[in-house]
Amino acid sequence: MRKTVLVTGGCGFIGANFVRLLFETRPDWRLINLDKLTYAGNLQNLEGLAEHPDYRFVRGDICDRPLLDTLFQEEQIDTVVHFAAESHVDRSITGPAEFIRTNITGTFTLLEAAKKYWLENGQGQKKGHCRFLHVSTDEVYGSLGATGFFTEQTPYSPRSPYSASKASSDHLVRAYFHTYGLPILITNCSNNYGPYQFPEKLIPLMLNNGRQGKELPVYGDGGNVRDWLYVQDHCEAIIRVIEQGRLGESYNIGGHNEKNNLQVVELLCDMLDEKIGLLPSGNARRSLITFVKDRLGHDRRYAIAADKIDRDLGWTPKYTFEQGIEKTVTWYLE
Ligand code: NAD
C-alpha cells in the first residue's frame, strides 16, 4: 500500500541510507525528509534525489511544533520514521544539553504532533495503517560483561547522557502507545557501519586518518566490544518492522558480528595497506595505532540477541562483516 512517510534526520548516516533504500525498493511511497542539518546532516548524502516528484526536503527542527503540525496536515502523513537525534556519545559527555533537547524534547514534540493529527483531529483518514517507528539503540540496555546478550526484556540501564536521552525517548514513545493508543514501534539496533557516516565515528575516522597517514587513536586497551551491523541490513529491518511489526512492540536488530575496537582498527589498517599501499615510510598502518585515555564511563560490551525479529518477522542480516566492511572501505576510498 502506498505510504506517505515523514523521515526525520534523513540527511544523517542511517537516515540517508534509508531514504535511498526506500526509493529503490518502494518507488510508490512519498517521502518527506525533515532535517535540521546539524553538523551531522549533509545534503550531499542524498544527491540526485532533490528533483524526484515524490520527495520533499524540509530544513527544520523536530522541536518546532507549528512546523510539524503544518507538515502532517499538508502532506497527510501516515508513517513516521524517526531517526533525528544527537548521536555521538563523546559529544554527549562534553555537551549533554543538545541531547536532552533533540532526543527527548524533540521526540516528545513529534509524538504530540502525530497524536494530534492521527488521533484527535479526525484528519488521519488512513488511521488503520498509521505507524510511528522510533529508531533507538542497544545502548539503552547498558553494558555487558564477557557473556550474555541484550533481549527486548533486558531492563534499561543507560550509562551515558546519550543513551539516557535515547532511553528516555523510548519510554515516552511506549507511553504514547499505552496511554493514547498511538500506533508505535521501536527498534533498538547495534553499531551501524557503511557509507555516508560522519567521520567522527570509529570506522570512517580510522579510514580517513589511515588514508592520510595520521594517528589512529584507540580508546583504553581497545577491548570494548560492539556488534557491527551493516547499515543496509538495518534499513531493510526497519522497512520490515513498518510493514509487519506488531504495534506497541520493540525489536532488537543486530548483525551477529561481535568485534572489539582494536580488531576493527587492525583490520582496516590491513585493508588500507592492501588497497592503497604501505605508508610512504614503508611501514604498515598498524604502526599508526595509539592507545589514548579511555572515554568516561565507556561501556565494555554490547551484544544483541536479534531472535525476536527473526522469529516473528523473518528478518536476519544478509551481510557478513567481511562483505559489509569490503563495501564500506571501497566506498570511502572512492
Ligand atoms: P547522525 O548523527 O548521522 O544523523 C542525525 C541526523 O539528525 C542529522 O542529519 C541531523 O542533521 C539530524 N538532526 C539532529 N537534530 C535534529 C533536530 N533537532 N531536528 C531535525 N533534525 C535533526 O545519526 P545516525 O547515526 O544516522 O543515527 C540515526 C538514529 O539511529 C539516531 O536516533 C541514533 O540514536 C540511532 N542509532 C544509531 C546507531 C549508529 O550506529 N549510528 C546505532 C543505534 C542507534
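Just so you know, all these numbers are worked out from the coordinates, no wet-lab data involved. Remember, predicted model here, so these are calculated numbers, not experimental data. Ideal geometry is used to build each Cβ from the backbone, glycine not excepted, and the neighbour counts take in all protein chains shown.
Could you work out the equivalent-ellipsoid semi-axes for the range 192-334, taking the square root of 5 times each eigenvalue of the Cα gyration tensor, largest first, in whole Å?
Semi-axes, largest first: 32, 17, 11 Å.
Roughly how tilted is helix 231-244, in degrees to the nearest 10 and between 0 and 90, from the longest Cα axis of the chain?
20
If you place +1 on the Cβ of every Lys and Arg, -1 on the Cβ of every Asp and Glu, and leave all else neutral, what size is the dipole of the range 9-59 about its Cα centre, to the nearest 20 Debye?
On the way: 6 positive and 6 negative charges, 40 e Å.
Dipole size: approximately 200 debye.
Which value, in debye to the nearest 20, gives the size of the charge dipole of the range 82-218 about its Cα centre, when Lys and Arg are +1 and Asp and Glu are -1 at the Cβ?
340
Would you compute, from DSSP H runs of 4+ residues alone, the mean residue ellipticity of the chain at 222 nm, taking -39500 (n - 2.57) per run and dividing by the full residue count, rounded to the nearest 500?
Mean residue ellipticity at 222 nm (helix-derived): -11000 deg cm²/dmol.
What value does the range 204-288 have for Rg/Rh, both radii from Cα atoms and Rh as Kirkwood defines it?
1.15
For the range 32-120, what ratio Rg/Rh do Cα atoms give with a Kirkwood hydrodynamic radius?
Checking Rg against Rh, the ratio lands at 0.99.
Taking the Cα centre as origin and putting +1 on Lys and Arg beta-carbons and -1 on Asp and Glu beta-carbons, what dipole magnitude results for the chain, to the nearest 20 debye? Could you put the intermediate results ahead of the total?
Working: 37 positive and 42 negative charges, 77 e Å.
Value, rounded to 20: 360 debye.
Which FRET efficiency, nearest 0.05, do N283 and R2 yield, Cβ-Cβ r, R0 56 Å?
0.50
Just going by the charge dipole of the range 82-162, with Lys and Arg at +1 and Asp and Glu at -1 on Cβ, which of H88, W118, Y141 is farthest out on the positive end?
W118
Taking the chain as the reference, fit the longest principal axis to its C-alpha atoms, fit the long axis of helix 321-333 to the helix C-alpha atoms, and give the angle between the two in degrees, 0 to 90, nearest 10.
With both axes taken from Cα atoms, the answer is about 90 degrees.
If I take all pairs of Cα atoms in the range 57-182, what percentage of them are more than 27 Å from each other?
Of all Cα-Cα pairs in the range 57-182, 24 percent lie more than 27 Å apart.
Just report the Cα centroid separation between the range 219-279 and the range 152-189, whole Å.
First find each Cα centre; the distance between them is then 22 Å.
Which three lengths, in whole Å and largest first, does the range 268-334 cover when its Cα atoms are put on their principal axes?
54, 33, 15 Å, listed from the longest principal axis down.
Cut-off 10 angstrom, C-alpha nodes, Gaussian network model of the chain. Which of T70, T102, T147 fluctuates the most?
So, out of T70, T102, T147, the one fluctuating most is T147.
I need the shape label for the range 1-80. Rule: rounded when a/c is under 1.5, else prolate if a/b > b/c, else oblate, with a, b, c from the alpha carbon gyration tensor.
oblate
Taking Cα atoms of the chain, Rg/Rh with Kirkwood Rh, to two decimals?
Numbers: Rg = 19.8 Å, Rh = 20.5 Å.
Value, to two decimals: 0.97.
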